[in-house]
Structure formats: structure tokens, C-alpha cells
Amino acid sequence: MAEKKKINLNRVPIPKQSPEMRRKNFSEVALGYTGEQAIEEANRCLQCKKPSCKDGCPVNVDIPEFIKAICDHDMPEAVRILKGKNSLPGICGRVCPQETQCEMRCNLAKKGAPIAIGRLERYVADWERAHPEISEKQGEHIKSNGKKVAIVGSGPAGLTCAADLAKRGYEVTIFEALHVAGGVLMYGIPEFRLPKQVVQGEVDYVKSLGVEIKLDQIIGKIATVDEFLENGYAAIFLAPGAGAPMFLNIPGENLSDIYSANEFLTRTNLMKAYLFPEYDTPIKVGKRIAVFGGGNVAMDASRCALRLGAEEVYIIYRRSKVEMPARLEERENTEEEGVIFKLLTNPRKFIGDEQGRVKAVECYEMELGEPDESGRRRPIPKPGTEFIIDIDAAIIALGTQPNPIIPSTTKGLELTRWGTVKTDEATGRTSKDRVWCGGDMATGAATVISAMGAGKRAATDIDAYLQGKSELP
Amino acid sequence: MYKILAKEDLTSDIHLFKVEAPAIARKAQAGQFVIVRSGEEGERIPLTIAGWDKEEGSVTIVFMEVGATTRKLALLNSGDSILNFVGPLGRPTEIEKFGTVVCVAGGFAIATIVPIARAMREAGNKVISIMGFRTRELVFWEERLGSVSDELIVTTDDGSYKRKGLVTEPLKELLQEAEVARVIAIGPTVMMKFCSLTTKPFGVKTIVSLNPIMVDGTGMCGCCRVSVGDETKFACVDGPDFDAHEVDWDLLMNRQRTYLDEEREALRLWETSTTRF
Ligand SMILES: Cc1cc2nc3c(=O)[nH]c(=O)nc-3n(C[C@H](O)[C@H](O)[C@H](O)COP(=O)(O)OP(=O)(O)OC[C@H]3O[C@@H](n4cnc5c(N)ncnc54)[C@H](O)[C@@H]3O)c2cc1C
Ligand code: FES
């Protein structure tokens, strides 16, 4: 049996919708492995004695173990192992930047392509969703310890912290501002990358652990953190994300049909504007639309614009392609679909028509100088290079910053100069007793998995504190 | 789900809902608003809070049927439920003892100025209210606004009831005759703009409640951005109240018209679908 197998250095490719097809629909782009493909890919795993992939995972998923279970055709076991560490595997398998985390550390990466951990994770999660009869009835055997914890925000940080605390017997209530739970997973990341049904399934799993999710609750308005502390909550975990959009601050930016990426994506994903008029929320893309920015959000917005019917979609970015913060895979998907990249280009002002609608943007060219604080080469304007692009709409995707609603209504919560909550990274503790914080609110806009890691660490620390095993500083 | 405890038709197309929302009722203050979504396919729309009752745990909203969304909302009755009801949002109106305060309201906004007039009076101000309507049939809450004001002036555009003309005319006379410390104007955007133009030469601080299109109402999308004193503000969190003399009115009106075509289309579809029954 122990004959040494020859390792295939290439990963099993994942089937995808063709670019011509997918740019016209909101269905998922990557179709996921079949059972055979998953087993073939899983069999490439070296099952290292000292697996370094695990160290690359912010929630320490037992990667070789769940892959082994796939090889053994024991899917229920694969699910059990995966979910032991990660309550949201269907989400992570789709949107985590594995190439800079677990897969980067894979020993196979030294010789060839690392094992496709993300795709296998997705496969296991999708298998579980297709086999609801297998997933055990959660929550029933968890005994309440009678202690109440409030969590603000139902994004990945909040959901993870809630699941971990519920599994330990806490009575957890999540307070969510919007009318659905999931945070950016629901309102930001588009359907074609992360189907909302997948998110809903994982939210339902968290609920099945006994977590109560109260929607329509804007904390700081309807109730405050201090009131929670007075009214019987033993601890609070703040996970409201970094939801406030940044703008370019150039003339004409308030013209009609200029959107923040948050607004554009919220209308599209959360409010289902792509189904207007069946759904009531409208959106305008016109024929030509420009998206400003070079991150994942810009890619998502541009791809939504294509699917909403725009004929020409531009991504306007002031540095060059290599400096783009977007994941390589998403950048490639975006280009394949036909989005036009206008690099080393910066906008100066928007120009409107008589009715105050945007009709053009004036841009100028940039060149790259010496590296700046971020280590990327600084873009410098090239004088005399102004030119005009005619557009019908624009999307500003420059990033987001923390929303001040909670800090401004919570006594004694210290902030950093970026407006994020000052937080101890290892534990999630804040300057305020019995208040923890994690996710984008603590770090500024980051990733799903880093938010989940923070939720997990906070759950561990809250548990230790409430059991009297640790004290507040 | 938020239960409608009572419904009142104030005119043929202006309706009042008293909604069960105890947590919001506990926190509500004059000048704040809620975001409402009536059903699964519905949009999120902002509606100003017209009243609240902490004991009963209710919040009152008043709205006018304009597009498909508000028409659908109007079909709900006492006993039905609203899917989402979020608040209280925005900053409350600044209430202080200023002296003489003139409260001007047009159309359905009469309902939203009542709690403000009341709070102003309770703070020790002399409150003079002006309410304007297009015509006699649309007049409502004359007594109610009167009961929280020291003086009340009613106008109709066509002169079919009380004083003929626009609200800006008695407003100007008051500014000429009396020592007015502050004006609060709420209503259709054009009305607020003209109130602002009327008070500006007198240098009397004027507060308006802006109603741009909104989505989340929490400062997350920036859809509600307005320009005030050449600065971009988010009406849902920085407002909705702003200094009228600083507002860029044309920008606000342009942005309010962003989806005019889509709204017409939705209304047309709605009308054809409802007439089929
Ligand atoms: C378009 C887009 C694409 C992205 N793509 C990726 C990707 O591919 N991979 C990846 O790893 N990351 C991606 N990210 C980043 C990732 O989504 C975030 O880092 C992550 O969601 C942060 O999680 P969180 O739990 O901190 O906050 P969020 O997901 O932002 O959730 C916060 C929740 O709190 C709620 N909330 C806010 N304020 C209050 C309040 N006062 N009261 C009650 N509730 C409140 C919000 O409504 C929200 O639901 C993307 C982000 C965007 C916008
Ligand atoms: S409505 Fe979205 S920021 Fe104001």
C-alpha cells in the first residue's frame, strides 16, 4: 500500500462560467469542484507531519485533517473537523485570500502549485449544505451557563464570536443595524462571488447554536453600549465593521449618478436593484461607467456594473497594476470579463449636465516615483496630461473608515487617530471594562478571515474573564 | 415585524400610522426619523417621526402617497405589520429658549412640525406657526398645531380656506413686525428653499429638515449627501436639520430627481397591476 505516489504539481482546475456568459448574469462565477475533482485534489496533499498551512490560517483550521477525511470519502468527518474551528466555511472557501495565508505556506508551493485549500474548504461546506440530514442538530446539547453577552454587528467578526461563545454555553444576542444579518458578506460582496444563500445558510447555523439575532437595531441610537452593561449583559463584543465610505473630495463629486461603492453594492446586493422593478430599489449605470480605486471593492463594483448592463466599464487607478491591492484572481476575473483598466490615471473633477447628472470626468496621467510609507511607489501627476472621459455614472471605491455612531455614544472607549477602537490584538480588549472589539472596527478595512480570527480570540478571552480565569487590566 | 396599532387618513393621500415600537419610542426626540421598509421587495425610505408615546410604546409616522413605495405602504391597515422600522435616526432638532420661534410647515410636514413646536414651547419660546396647503380639502391638524402654538396662521394657495397665498408671505410679515429669533421650516424642498430666501435678508437663523434619498440611514452609503456651507454632509447622521442659508438647494433638488424615470416606471407598473383586480 505504502507505495510512493507521484505528486501532481498542478492543482485540479476549478470549473468556471465563461467570461462571455458570466458578465451577463449574477450567478456564481466559480462553479466548485465535483466529488471526483475534490478527491483528486485532496490526494495531492502531502499530509505533512508538521503542517505549516495551519499557521497561515487566522482561525487555525485543521487543514491536513479535513483534507484527509475527503481522501477517505468521509465527508461527515470532514465537515466536523472543518466546523470545529471555522463556523463559516462556505464563506471562507470562497472569499479568503488563501494565496497569502494557508496556501502560501503549503510545502507543495516550493515545487509547484500549493494544494487548493480554499476550493476544498468550499467543497466540504457545499457538501454539507446539500446534505442537511447529516448535519447534527446543533444547540440542543449545549447547556446554558446563564451568562448574557451582547454583540454589536453580524458580520464575520460578530458571527464567529457569537458561535464560539454559544458553543461554550453563553446566551448571546447579536444586534444588527440592517434588515439582514451578515454584514459586508450580505450587502457588499456580490452574489456572483458569494451567493447570499450560502451566507444565509451559515447565519442560520450560528442561530441553530442558540444565538439570537435582532435586526433593525442601530446601537448608539436605539440603545447604547453603556445601557447594555447596566442591563444585565456581562460582556459586549463590538463588531460594527468599518462602514463609512471615503470620497475623492474633488469638484463635482455630489452630482447625480455618482455613487460610493457601498451605496452601489448595497443597492445591488442587499436591495436587489438588479431585479428592479420586481424589487423597488432602482440603480443607474448608463452605458459608460467609471470606477475609481484598485482594491477588491473596485473589482466587485465594476463587475456588478457590467452585469447591470453597462457597455463600457472603466477602472481608474492612480498607480500601476502591480500596486493594485485587489487579489490577483479577482483582478484577472475582472479583466477577463472586459472591464477596461485605466492605470496611472487620476480624476481632477466631475463635469455635469444641466440637470446635475454626471456626464464626464476630467483625469490626468501619473507616473511612479520613489516608494512611500506603504512601500509602494508614489504616484506623481504629469503636468499637461489632462483629458476627458465621457461617462453616465461613477463609483468611488476608495475604501471605508469606522462609523462614529458607537464611539460617540460610548463613554470611555478610546480610539486611535484613524478612528478605529484601540484594541489589544491578542484578546480584543478595549480601554473600557467588559467591552471587547474586533474586525474592521479595530483594524480598519481588512479581510473576512482576520475579522473571524478576532471574533474567535475575543470569545476565548471573554470566556476566560467571565469564568474568573483572568482579570481585566 | 412592527404592528400598526392605528391608521388614520388625514387627507385622501396623507396617512398616519401609529406603530408598535417601544424601544424607539423610549429614545425618540423631535426632529428625528425612522427608516421603513414595508415588504420583502421594498425599498428603505426615511419618514420623520411625528409623535411617540413611551407608555404605549408607539411611534407615529405620517406620509404622503407619492410613488409606488408609499402607495404600497398606504395599503396597510391597522393590525397589519411593517417589515422593518428602524430608528430613531438623525440628530434631534436643537431645542432651546431662543425667544420667538416661527414654525413653518407645508403639506404632510404639518405632522412632523407638531413635536418640534411643542418642544420649543415647553422650552419657553413664543411659538408662532404657519401652515400652508394647496387647497381646503387638504387641511388637517389645524387644531393640533394650534394647541402647541401661541399663534397660528393658515394659508391655502387658492384662497379656498383662511389666508390666500404661500407660507412665505405671512413669514415675511412676521419678520418685518416682530423680533424673530429662529425659524424652523419643514415641507417640500421648494417650500423650504423659498422660506430660506425669505429669511436670509433678515439674518434670522433658519433651520430646515432635509429629505434627500436615503438607503441605510446610518452613514454607510453616502446616498444622502448634501452640500452645506460648501462642505459635504450626510443628512442621515449629520442632519437632517441644517442651517437653511448654507444649503445648496439646487444640488439637493437635482439629487432628489435621480430616479425620476424609474419612479415613474414603477408607478406605472404598480397602477396597471392593481387595476387588474
Ligand atoms: C465589496 C467588498 C468586497 C470584499 N471582498 C473581500 C474578499 O473577497 N475577501 C475578504 O477576505 N474580505 C473582503 N472584504 C472585506 C471584508 O468583507 C471585511 O473585512 C469583513 O466583512 C469585516 O468584518 P466585520 O465583522 O468586522 O464587519 P462587517 O462585515 O462590516 O459587519 C459589521 C456589521 O455591523 C453592523 N453595524 C454597524 N454599525 C452598527 C451599529 N451601530 N449597531 C448595530 N449594528 C451595526 C453593520 O450593519 C454590519 O452588518 C470585502 C469588503 C467589501 C466592502
Ligand atoms: S442614507 Fe446612507 S449614508 Fe445616509
In the range A:324-340, the residues that are crowded, with 19+ Cβ neighbours inside 10 Å and outside any loop (DSSP other than H, G, I, E, B)
A:330, A:331, A:333, A:334
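Which of the residues belonging to the range B:70-89 are without any contact (Cβ under 8 Å) to a residue 60 or more places away in the chain and open to solvent by less than 20 Å² (accessible area, probe 1.4 Å)?
B:70, B:73
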Flagged in the range B:161-218 as among the small types (Gly, Ala, Ser) and part of a loop (DSSP other than H, G, I, E, B), in numbering order, are B:165, B:178, B:181, B:187, B:203, B:217
Among what's in the range B:228-245 and is β-branched (Val, Ile, Thr) and in contact (Cβ under 8 Å) with a residue 12 or more places away in the chain, pick the residue that is nearest to ligand 2 (Cβ to nearest atom).
B:237
Would you confirm, using the coordinates I've provided, whether residue A:332 is at pLDDT 95 or above, over 13 Å from residue A:397 (Cβ atoms) and over 17 Å from the mean Cα position of the chain (by Cα)?
no
Does any residue in the range A:31-56 that is in contact (Cβ under 8 Å) with a residue 40 or more places away in the chain come within less than 6 Å, Cβ to Cβ, of a residue that is open to solvent by 70 Å² or more (accessible area, probe 1.4 Å) and in a loop (DSSP other than H, G, I, E, B) six or more places away or on a different chain, and which pairs are these?
A:44/A:8; A:54/A:60
Tell me, yes or no, whether the range A:3-20 has at least one residue that is of a type in the set (S, T, N, Q) and farther than 28 Å from residue A:303 by Cβ.
yes
Test set (1) away from chain A (no Cβ under 14 Å); (2) buried (at least 19 other Cβ atoms within 10 Å of the Cβ) - residue B:215 fails condition number:
(1)
In the range A:185-285, which helices (runs of 4 or more DSSP H) lie fully inside it and hold 2 or more residues that are within 12 Å of another protein chain (Cβ to nearest Cβ), over 21 Å from residue B:69 (Cβ atoms) and in contact (Cβ under 8 Å) with a residue 12 or more places away in the chain?
A:261-265
Can you name the condition, by its number, that residue B:171 falls short on among (1) crowded, with 23+ Cβ neighbours inside 10 Å; (2) among the hydrophobic types (A, V, I, L, M, F, W, C); (3) within 11 Å of chain A (Cβ to nearest Cβ); (4) over 18 Å from the mean Cα position of the chain (by Cα)?
(3)
Checklist (1) within 8 Å of another protein chain (Cβ to nearest Cβ); (2) within 16 Å of ligand 1 (Cβ to nearest atom) applied to residue B:234, failing item
(1)
Check on residue A:357, touching a residue at least 60 places away in the same chain (Cβ under 8 Å), under 30 Å from residue B:256 (Cβ atoms) and touching a Phe, Trp or Tyr at 6+ places or on another chain (Cβ under 9 Å)
no
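The values are calculated or read from the model by the stated rules, or taken from the named source; none is laboratory data. Everything numeric here is computed off the predicted structure, so don't read it as measured data. Virtual Cβ from ideal backbone geometry, glycine too; neighbours counted across all protein chains shown. Note: accessible area is taken over every heavy atom of the protein model, side chains too, but ligands, DNA and RNA are not part of it. Shrake-Rupley method; radii C 1.70, N 1.55, O 1.52, S 1.80 Å.
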